[in-house]
Structures are given as structure tokens and as C-alpha cells.
1. Starting from the Cα-Cα distance between K658 and A456, subtract it from 0.36 nm times their residue separation and give me the gain in nm to one decimal.
2. From the Cα gyration tensor of region 185-237, with a ≥ b ≥ c the square roots of its eigenvalues, which class applies: rounded if a/c is under 1.5, or else prolate if a/b is larger than b/c, or else oblate?
3. Under a no-solvent Debye model with one identical scatterer per Cα of the chain, what's log10 I(q)/I(0) at q = 0.07, 0.10, 0.12 Å⁻¹?
4. Average projected area of the Cα convex hull of region 394-486, in nm²?
5. For region 314-394, which GluC sites (Glu not before Pro) are both in a DSSP coil and crowded by at most 11 other Cβ atoms within 10 Å?
6. Between K297 and S368, take the C-beta separation as r, use R0 = 41 Å, and let me know the FRET efficiency to the nearest 0.05.
7. List the residues, sorted by chain then number, that are 5 or more residues from D360 or on another chain and whose placed amide H is less than 5 Å from its amide H.
8. Relative to the longest principal Cα axis of the chain, at what angle does helix 462-484 sit, 0 to 90 degrees, rounded to 10?
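Just so you know, all these numbers are worked out from the coordinates, no wet-lab data involved. Bear in mind that the values here come from a model prediction, so they are computed numbers and not experimental data. A quick note on method: Cβ atoms are made from the backbone with ideal geometry, for glycine too, and the neighbour counts reach across all protein chains shown.
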Amino acid sequence: MKSIHLVKLAIYVIFAELQKKNNCNIKVIEIMSIKLKSLFIVLFVINFSFSQEKDEVLLTVDGDAVMASEFLRVYNKNLDLVKDESQKDVEGYLKLFTEYQLKLKEAKRLKLHEDKKYLREFMNYKKQLTKNYLSENKVTEALVKEAYDRSNIDINASHILVRLAETEKDTLKAYKDVLALRERVLKDGFDKVKSEMHNGNTIFLEDLGYFSAFKMVYDFETAAYKTPKGEISMPFRTQFGYHVVWVKDKRASRGTMTAAHIMVGLNQKDSLLDTEQRINEIYKKLNQGESFEALAKQFSDDKSSAANGGKLSPFKSGQLSSQIFEDNAFAIKADGDVSKPFKSEYGWHIIKRINLKPVDALKDLKSSLETKVQRDSRSKLINDAMVKELKKRYRISKNPKAKAYFETILNSDFFQRSWRLPDDFAKDETIFSINNRSFTYNEFGRHLMSAQRIYAGKKTPFSGIVDKEYDSFFEKSILQFREDNLENENKDFANILKEYRDGLLLFELMEKEIWNKASKDTVGLEVFYKENKSKYQWQNRVEVVMASSADESVVNTARKLMKKGKTEEEIKKVLNTNDKQNVIFTKGTYNTNDSKLPTNFKTKDGVSKIYQHNEAFHVIDVKEVLPARTKTLEEAKGNVINDYQAVIENNWIDDLNKRFKVKINQDVLNTVKAKIGN
């Protein structure tokens, strides 16, 4: 039972508690399936804004106050879910609501809220819920739209990079170097400068081919999309150094291709094998009608795809290491068509187009794009926007001496990952504070120790390290501070969290006190069944095989075959064809008044006459007539458990009312009734 997702569980528990006495007949043995079916129900006790000028105590349970606003939130949110006017009675709902509060009180008396499993499940859910409230939505939406627009455009580019450490502050030389290389490319051409200057260490001149959103770091991607076709950008910086990008082409996205290929590799063990001749022989077999998939399995040298009939994973422009291959694949006009043999850097190929999917609409991609944005380097923009907003919201106080102090205690051990905080370290000093929460030198010191791995083997100035890690630590701290205080800052979040906290607690209680007792108390269950067995009756039933068709002549033929003793399968072979379903069979045991059976149906052994019912014709072979009788305990077990559970619960509620004193403020109740017109 605990494997049900927490969201599903809490929705079920709260809904069941407030609805079960209004014709929600829940059988213990069916409880999990009902929970799953209840998912469409909105968690009506959360996220409801009911403004009141004055909130007052509606009732107390053993001295604990329950406010009128809490009851109104439950009542009003659930109002749209009920059709029966009798279910909208305030008095009736107050009784159910009071029982709900009594159960929560009992759960806490039993200390179920301290149970480790309960706490673990609740904290897991809290983490999931918290994520939805921590992002900067406006920035996220803008980045998702931008990413979608860019994914519709492919860019073909080359770039120049002069490497520079991310923490390096003296950037003028690198900037001038990349600017000089840009001027040379404009004068002498990219290829000439590349042959002279590319060293693969400090200077890079590279052809990138086609790419779109999420293929490059965000700063580089942005510069490329902002640079007009045919131009070279001015220098810009990324985490790798200074770049310029030459945008050679921009085109509409060609979509996502799913294809299969047959490859004859250029490097063959058989030195006498002519690779071009071999691919042409395979192509001739294709033209003779042989299966592409079979030929790929037999002859393709691409071992990763050959066993799967040559099928490749879906790809977009720029995702494969061969532009020649991509161009030939996207040039195929229709699904199922095959390319002519062509040569790439790796060998000779024949490609079969399986499917070409254009870029989906934004609404269909939004969820996946949000995930990519949050994982991509552009997520820093989301955090930056949130930190900027939080700086305005909170009181921030920074120690102006802190950075200088940490610069003095760093040494060369830091680059060997062996640096430790000194013995006389001022660990209790405040580095900064957010509202009333002070963050200490010790916390930042531990952050620096963890960061050593990033700088291993480097020679970065200590001032650069402290600046960068201070900013990182501050961002992490202010975001964590918001997360820790979210329940106090966000009313919607607090309401939702409270209802899940209570819902999970109620589940633990009901499972312990009611559900398990009702299903596992075999002696009590048997006694209850014997005392109430007259309630559990089978009506008159029939075991039947029924043939149905819209064509009376088909049913007439089926009837004749039934009378000859033909089986269901034999009759279907006679009456149904490959392209037409003339007859359908239904079989089972039904009450004689079941809606599947004709209203004037005669319960008599053997093959019936033809009946017209539910806009079709039917003939029924009655295998056995089963007269009305009392159900055995095993046959009635679901209903018996359900009824026995209700008895246990009613007695339990009586005990809770005796244990905890409930006091209702009648004046406030009258105000509530007046407010909702009941």
C-alpha cells in the first residue's frame, strides 16, 4: 500500500474521509484501485483563497482551535464536486469535518507523526513540491520560448577560441589576441589562418558544422544566433575563454530523422574487397526487392545498428559526426524511400528513411524544454534572477573583511587538494547574514575545502578563487534560506503542505486502526457475517454464451450452428472474415435482470430464440440456471469487510468523541452559514 505515489494517496485519503458517508461505498479489498480512480478529483482542501475580514475559532478539539477559514476552505472547494443538494448541508459537513479533526488528534496522540517511515515519506513529497515553488517563472518561460525559437533554426558556424581560465581577471591580452585573429580571418580567410595558428592547446580554429539550441554552451549559442549570416561576431567570453564565431549559414530546422543504413566501411580486413563494388551489389539486391533490414543484418559493417536492421537513433542536423551522411538522409523525399549509394568519411552507405518528424508545437515541447533549460548552462540566468529578487526581499548584511581574510589563509596546498583550515581559524565569525540567519566563516571554509577539486593542478590567483566561491556560496545560501522558509513565506505552499502532512498521517492512522483490523480479524469477520448473512444474497443468475450482430440473418445462422453443438471458435470462423466482424460473442454469469440481457429473456437451459435488444440481434445459449441463494463468506467477502469496517469505525469515532472534548462556537457557525447562504 505504501508504494502508491504520495500525491495519489493524500488525494484519496482526504476525499474519502469527507465523502465516504455520502454514498462513497469503499471496500477494503478494492481500496487501492479506488485510490487510483480518484486521481481526477482536485485536492479540494488546498490552494483555496477565501478572504475574511476576521477569522474566528469555529471549534476546539481537546483545546486545540480550528479556524472558520479552514472549514470554509474545505466546504467551498468541495462544493463543485457534489451534485446531490443534500450533500451541501453545512451541519452534515461540519460533522464529517469534526470527525476528521478527531482522527488527526488521535494520530498525534499515538505519535504517528514521529514515525520514521511517515517522516521519510512526507519529506520526500515536500522536496518534490518545493521544486515547483522555487523557480523564477518569468525567466524560465522566456528561456523556454527562446530555446524553442532557436530549435527551429540550424546554424552552420566556425569559431576561434583563445583559451583563458574562468577565474582569470586579466583578460585584455586574450581579448586582443582573438581580435587580431578575427582581423586576419577577414583578410586572409579562415582556412589559411587555421593552418597557421590552430595549436589545439591555447588557440583553436574549428569548423562546428550545423547546430541548434542546447548543442553549445549558452553564451556561445546566444552569440551565434545574434550574429547575422555571413558575418563574424566581435569577441565574447565563455567559461573557456574568448571567442569569435563566423556564422556561415542559417536555415530552417530540417526536423528529426529516423533512418536505417547499410555501411561498407573503408577499412576492410579483406584487402581484395572493392568497397564501392560491394555497396553497388547490395543496392542491386535492394532493387530486386530484397529486404533492406535483412541486407543490413547480413552485410552492414556498422555493428551498432546492423543487428537492428540498420536502424539508427533519431537525429537532427549537427548531431552526427558526418555532414555528408546527414545531407543525404534529409534529402530522401518520403518515408520508406532509399538513397543511392554514397561515400562519407567512414565508408559507403545506403540510407532508408523511416520517418521525418518536423519540430513539434511549443505546447507539446514545453515540458521537455523546461527540463533542458533547468539542466543547461542557461539555468544560471534563472538562479541569477531569483537571487536578485531575494536580495530585495531579505535583509542582507555582509562582512567587508571576510574576503581578504580568506585570501590570507589559502596556500599552495589548495591546488594539491590537501589544504585544511588553520588551527586558529576564526570559525565563528559571520561572513554574511540573511534576515536573522547568520552564515559563519566555518560554513564558507567547508565550502572552500569542497571546491579544491575544481582547482586541482591549476595556478589561479587566490583573490579570483575567493571571489568566485564567495558568490557561489552566497547564491547557494540565499536559495537554501528561501527553501527552508518557504512554508512561512508562501500561503499556497503552506496550505498544500499541511493537507499532505495531514492526509498522510490520516492514512497511517486509518490503516492501523480500521483497514487492517477489518481485513485481518478473521474471527470477528465470521461472527459479523453470520449475524448479517441475510444481507448478502445472489439473485437469480444464468451462465450464458451470447452471439450478437447488427444483422439478423447472421444471428440466425449462429443460432443454427449453436443448436448443432458448434463451438464459439468454429462459429466465428464461419461468420467472420478477414475484413469484416459479423458476430461477437459474450460469455459469463449474469443476474437475470442484467442490462446486457434482453428484458423479456426466458431463463431456460439451451439455445434461445432470437432477441432484439440494444439495437442489435442476439441468440443466447444458456449453460446453467443458478437460483437465488445466500452468498458464502468468501463470495461476499468484499462487502462483508466493507460493512464490518464501517461498524469498527463508528465505534471508534464514538470512543474518540469520549476521549477528546469537542466544543463548537455556535455564533461563528451561524456566521459561516450566513456567509455561504446555507
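1. Result for the pair: 65.9 nm of gain on full extension.
2. Cα axes put region 185-237 in the prolate bin.
3. Reported log10 I(q)/I(0), two decimals: -0.90, -1.17, -1.26.
4. 6.0
5. Within region 314-394, the qualifying GluC sites (Glu not before Pro) (loop, at most 11 other Cβ atoms within 10 Å) are E345.
6. Values: r = 33 Å, r/R0 = 0.81.
Computed FRET efficiency for K297 and S368: 0.80.
7. The list, which skips near neighbours in sequence, is empty: none.
8. Between helix and principal axis, roughly 10 degrees.
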